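Let me begin by presenting the structure, written as structure tokens, before commenting on it.
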Amino acid sequence: MQGWRNYYYTNYSQKRLAKLDWYILQRLTRWYAKKRQRRRWMGSLNEVRHIANQYGLKTLL
């Protein structure tokens, strides 16, 4: 992720990188909710963010 950011980052690419960040977080959250057998995946969003920060997942922005 960090390599992508370094290669593609410009002032004009911030919107696209933000959308890609959201997509990656959304897919991780859906996977986590499915793994934990939860129907509503948005309820797991804060938990996934915490886990991602704890393990050092980099964002594109």
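The values are calculated or read from the model by the stated rules, or taken from the named source; none is laboratory data. Keep in mind it's a predicted model, so treat the numbers as computed, not measured. Using ideal geometry, Cβ is built from the backbone for each residue, glycine included, and neighbour counts are taken over all protein chains shown.
Write out, first by first residue and then by second, each pair whose Cβ atoms fall under 7 Å of each other, whose residues are 6+ apart or on separate chains, and whose first residue, in region 1-20, is of a type in the set (S, T, N, Q) while the second is at pLDDT 75 or above.
Pairs that qualify, where the first residue is of a type in the set (S, T, N, Q) and the partner is at pLDDT 75 or above, are Gln2/Lys58.
Among the residues of region 28-42, count how many are in a helix (DSSP H, G or I) and surrounded by 12 or more Cβ atoms within 10 Å (Cβ to Cβ).
The qualifying residues number 8.
List pairs: first residue in region 32-53 and under 21 Å from Asp21 (Cβ atoms), second residue of a type in the set (Phe, Trp, Tyr) and crowded, with 16+ Cβ neighbours inside 10 Å anywhere in the structure, Cβ distance under 6 angstrom, at least six positions apart or on different chains.
Listed by first residue and then by second, the contacts come to Ala33/Trp41; Ser44/Tyr32; Val48/Tyr32.
Which one of Leu25, Leu17, Leu57 is surrounded by 14 or more Cβ atoms within 10 Å (Cβ to Cβ) and not in a helix (DSSP H, G or I)?
Of Leu25, Leu17, Leu57, the one residue that is surrounded by 14 or more Cβ atoms within 10 Å (Cβ to Cβ) and not in a helix (DSSP H, G or I) is Leu57.
Do you know which residues across region 1-14 are of a type in the set (A, V, I, L, M, F, W, C) and not in a loop (DSSP other than H, G, I, E, B)?
Of everything in region 1-14, just one residue is of a type in the set (A, V, I, L, M, F, W, C) and not in a loop (DSSP other than H, G, I, E, B), namely Trp4.
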